[in-house]
Amino acid sequence: MSTSNRLTIMGTRHLAAAGHYLAAHAAFEILEAGGNAIDAGVAAGIAIEVLQTDKVNFGGVAPQIIYTAKDKKVTCIDGLGVWPKAITPDYFQKMHGGKIPPGVERCVVPAAPDAWLTALANFGTMSFGDVASAAIRFASEGFPMYPLLSEFITTHRKDYERWPSSAKVFLPKGRVPRVGEVFVQADLGRTLKFLADEERKVARKKGRKAGLLAARSAFYKGDVAREVCKFIEREGGLMRFEDFAGFSVNIEPTVKTRFEGIELHACGPWSQGPSLPMALNILKGYDLRALGHNSADYIHVLTEAIKLVMSDRHNYFGDPKFVKVPMAGLMSEKYAAWQRARIHNDAACAEMPRGGDPKSLTEIDNRSMPRPEGAEAPGPGDTSYLCVIDKHGNAFSCTPSDGSDQTPIIPGVGILCSGRGTQSWADPTHPSSVAPGKRPRLTPNPALAFKNGKAYMPFGTPGGDVQTQAMLQVFLNVNVFGMSAQDAIDAPRFATYSFPGSFEPHKYYPGRLYLESRIDPSLNATLAKRGHDVRAWPDYTWLAGAVCTIVNDHKNGVMHGGADPRRPAYVLGW
């Protein structure tokens, strides 16, 4: 029996789930027009960059995992930009005392446009203009302001007021837009339309792929790049036209594991993606059903497993082009068993555990540890999520991102230049340190699971350091406790912050554990006795993520979609 206030949406042809209901509609329209999952996913992603422009941006990041049923191939497009050539590993130590300040100095090359165009060129069937049409309308004509966006702008008003170009967009008429008012982003609409127009000119004569390349050139080697870099140079940033012109996204291998007959694919260690399959590897050794859903034992075991994988994330993860990440060792069953043995059933690790050496199976000293924070609450992460499965069995899973409150909107262009440099470390000894051409360690990490060789469950969420934790809980809710897609998402969540955060200044809250208040409050004392620093979240909080998923029932030929009521996410299917 369902415990959700929402229905699981079911369909037999195609399904799309997205972080905003209008983005789900944009994807659904593309599917109905004959587009495949990749076309629809890109449409939803670009729409989200307009609709959730507080937390996602066309000039941001867009990591994707794509499955094409015809050739049974899984592809990961990193959708992540790099530091400009002019940066030095000690730049922020010399210039800012080891801090990475808000503004243009934290900018990396925008990767989302290239990620969308690469996905369309390699796996899609439609033009950029076709799939961006809804986003162009939402930007140019506007869309109704919704509560979460209005609340975010209100909370961060002073951040937006730092830059006149940002204030112009987010504080029209000199104030925060009210719920129900139409919110317009005219410059962004013009930029998207410009790319579509440049594509159309070339595509008429030379075909679809040439048109897509023309749109890409217009962004990275044309007027958009020039305007963005001119502004950044004027503001004191290091990004230059050559950084744009020489950039391209990477097609990367996924990291995968098996759990109860399910093959799970995640992004590589340039993101926090491997932390999800690593956590599942540890949890394989427990009878999670016997522990009981959201019991004290269950919450304790999952929390301690998360601490262990986040320690490895902190000590090892970074751009593999620059640092050696012992991924095979970290993913080995032998290492997972050793990690499992470090979990004490009656006592929580009061801090982040020491890292592990997967080769020698010994503990190592943690590196670059920030000072613990006091009583304040951890801040939210940005991001959104979307997924699509079409009638052919193709699947698209993507976590677009980049918040607009810490990096200025580029005047006349309407986008920001990705501020994802906030996820690097100013310490040159850290695996995710700053370096020219290097990718920051990304929090957005879409996932895609398979059953019997077919796309079974794309899923993901916003939420920064909570992403892996929310995804893990929803995955287990479906695949261990047998919940429907929507019930699995609605179920109350918990999250630990007992590790250095991914965002500058990498705040650290040893032992901190938050529980949504729908979890039995009598468990708090039991968890506290084991050493957890237990704090309360409201019954439903957007801080606990906003998971979307599609669970594909191949036996009955029915797809089941769920979208998180904690944010304005929705599912549409047919």
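The values are calculated or read from the model by the stated rules, or taken from the named source; none is laboratory data. Predicted model only: the values in this text are computed from it and were never measured. Cβ coordinates were reconstructed from backbone atoms using ideal geometry, including for glycine residues, and neighbour counts include every protein chain displayed. The area values use the complete protein model at the heavy-atom level, side chains included, leaving out ligands, DNA and RNA. Shrake-Rupley method; radii C 1.70, N 1.55, O 1.52, S 1.80 Å.
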Review point. Does E161 meet the test of being acidic (D, E), touching a helix residue (DSSP H, G or I) at 6+ places or on another chain (Cβ under 8 Å), open to solvent by 20 Å² or more (accessible area, probe 1.4 Å) and over 30 Å from Y67 (Cα atoms)?
Key: yes
Exercise for review: Find the residue count for the range 136-185, including only residues that are more than 18 Å from L22 (Cα to Cα) and either of a type in the set (V, I, T) or assigned to a helix (DSSP H, G or I) (or both).
Suggested key: 21
**Study point:** Test result for G98, small (G, A, S), closer than 26 Å to P568 by Cα and not in a helix (DSSP H, G or I)
**Key:** no
Review point. Looking at the range 60-71, which of its residues are in contact with a helix residue (DSSP H, G or I) (Cβ under 7 Å, 6 or more places away or on another chain) and not in a strand (DSSP E or B)?
Key: G60, A62
Check your understanding: Scanning for something farther than 20 Å from I415 by Cα and in contact with a Ser or Thr (Cβ under 9 Å, 6 or more places away or on another chain), does the range 39-52 turn up at least one residue?
Key -> yes
Check your understanding: Which residues, counting only those in the range 348-404, are open to solvent by 40 Å² or more (accessible area, probe 1.4 Å), out of contact with any Lys or Arg (no Cβ under 6 Å at 6 or more places or on another chain) and either assigned to a strand (DSSP E or B) or closer than 28 Å to S418 by Cβ (or both)?
Key -> D357, T362, I364, R367, M369, P372, E376, A377, G379, P380
Check your understanding: Only one residue in K256, K334, K321 is charged (D, E, K, R), closer than 30 Å to V82 by Cβ and not in a loop (DSSP other than H, G, I, E, B), so which one is that?
Key -> K256
Check your understanding: What are the pairs, 6+ residues apart or on separate chains, where a residue within the range 164-180 that is within 20 Å of G403 (Cα to Cα) has its Cβ under 9 Å from a residue that is exposed (fewer than 10 other Cβ atoms within 10 Å of the Cβ)?
Key -> A167/G174
Review point. Can you name the number of the only condition in (1) open to solvent by 30 Å² or more (accessible area, probe 1.4 Å); (2) in contact with a Ser or Thr (Cβ under 9 Å, 6 or more places away or on another chain); (3) charged (D, E, K, R) that E199 fails?
Key: (1)
**Study point:** Scan of the range 5-25 for residues that are part of a helix (DSSP H, G or I) and within 20 Å of the chain's Cα centre (by Cα), ordered by number
**Key:** Y21, L22, A23, A24
Exercise for review: Report the residue count in the range 77-95 for those that are closer than 23 Å to S404 by Cβ and in a helix (DSSP H, G or I).
Suggested key: 1
Point to revise | Considering residues of the range 79-113 that are surrounded by fewer than 24 Cβ atoms within 10 Å (Cβ to Cβ) and of a type in the set (D, E, K, R) only, the residue farthest from I48 (Cα to Cα) | key: K94
**Study point:** Tally of residues being in a loop (DSSP other than H, G, I, E, B) and either touching a residue at least 40 places away in the same chain (Cβ under 8 Å) or within 21 Å of the chain's Cα centre (by Cα) (or both) across the range 478-525
**Key:** 21
Check your understanding: Would it be correct to say that S271 is crowded, with 23+ Cβ neighbours inside 10 Å, within 30 Å of I87 (Cα to Cα) and in contact with a strand residue (DSSP E or B) (Cβ under 7 Å, 6 or more places away or on another chain)?
Key -> yes
Exercise for review: Determine which single condition T75 fails, assuming it passes every other condition in (1) surrounded by fewer than 24 Cβ atoms within 10 Å (Cβ to Cβ); (2) touching a helix residue (DSSP H, G or I) at 6+ places or on another chain (Cβ under 7 Å).
Suggested key: (2)
**Study point:** Looking only at the range 531-557, and only at residues there that are small (G, A, S) and within 22 Å of L386 (Cβ to Cβ), the one that is surrounded by the most Cβ atoms within 10 Å (Cβ to Cβ)
**Key:** G545
